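Below: one structure, written as structure tokens.
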Amino acid sequence: MTGSTLLELEDIRMNFGAIEALKGVSFKVGRGEVVALLGDNGAGKSTLVKIISGGLKATGGRMVFDGAEHFFATPAEAKARGIETVYQDLSLCTNVDVVGNFFMGREIVKKWMGLIPVLQEKEMEQVVAEALRNAGTRIPSLRTNVEHLSGGQRQAIELNRFAHWGGKLVLLDEPFAALGVEQTRRGLDLIKRIAAQGIGVIVITHIMPQAFQVADRIVVIRQGRVAGDVATRETSPDAVVGMITGEAFIGQAQQEERPNGPTA
């Protein structure tokens, strides 16, 4: 693990009536660590992300984030504590420019003559320019409305905004599904730079090469259980496919699904 533990999930369970979506998921994420969360459709990945980010309340188990045991009641509460979820369609206002999106809800305002609030446009633009420059992100004009930017540029704005405002853990749900090759490459590089700042990253993806390119560790969820939790450098795409399909087990599902162990 890259740094000290930032997020610890222990025996997380989630029932929807008689359906067990999660059957006791446990793993950790370190500060500055990138974890790729893999699994087939319906494996429970999105349910787990919603629990971490306050969108769902777990049926059982415990979550420790940043040293405190706590499940978040709402996404707003999780966000206030430093957890951000970035979806494929993002959460930017397309009819607002780059500076406006970066400072959304955090605008710098000073009172003229101590009475009239005045938006500090120039100061805000300087902050955004420096943040994007430090991250290696190039956008022709910070006064361009987001609707005119590429998918990769939009994603860069959201991730840099998150990092700038003191985010601690970012959850990326299929972040590159709609991006081209070059935009995806830049996005993967951006994830590495975000992690280098000590921010934990969980990436949900179906694209195996992306997971191996950016992740320090791979966690595979299969039928609501952890079927694998391995360092990326210690495994292979074929081995991960085996965990996803059930042909191989490296994790808590091993004993549950193969109680008699390997046969001679």
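Is it the case that Gln183 is within 22 Å of Ser53 (Cβ to Cβ), assigned to a helix (DSSP H, G or I) and modelled with pLDDT under 80? For Gln183, the condition - within 22 Å of Ser53 (Cβ to Cβ), assigned to a helix (DSSP H, G or I) and modelled with pLDDT under 80 - is not met.
Among residues of the range 110-145 being of a type in the set (A, V, I, L, M), part of a strand (DSSP E or B) and surrounded by 11 or more Cβ atoms within 10 Å (Cβ to Cβ), the one that is nearest to the chain's Cα centre (by Cα) is Leu119.
Selection of the range 66-81 for residues being within 14 Å of the chain's Cα centre (by Cα) and either modelled with pLDDT of 95 or more or within 22 Å of Val25 (Cα to Cα) (or both) yields Pro75, Ala78.
Residue-wise test of (1) buried (at least 22 other Cβ atoms within 10 Å of the Cβ); (2) in contact with a strand residue (DSSP E or B) (Cβ under 8 Å, 6 or more places away or on another chain).
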residue	(1), (2)
Lys168	no, yes
Glu174	no, yes
Ala177	no, no
Gln183	no, no
Val203	yes, yes
Val226	yes, yes
Val230	no, yes
Thr235	no, yes
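The values are calculated or read from the model by the stated rules, or taken from the named source; none is laboratory data. What you are looking at is a predicted structure, and each value in this text was computed from that prediction instead of being measured. As a convention, Cβ positions derive from the backbone with ideal geometry for all residues, glycine included, and neighbour counts pool all protein chains shown.
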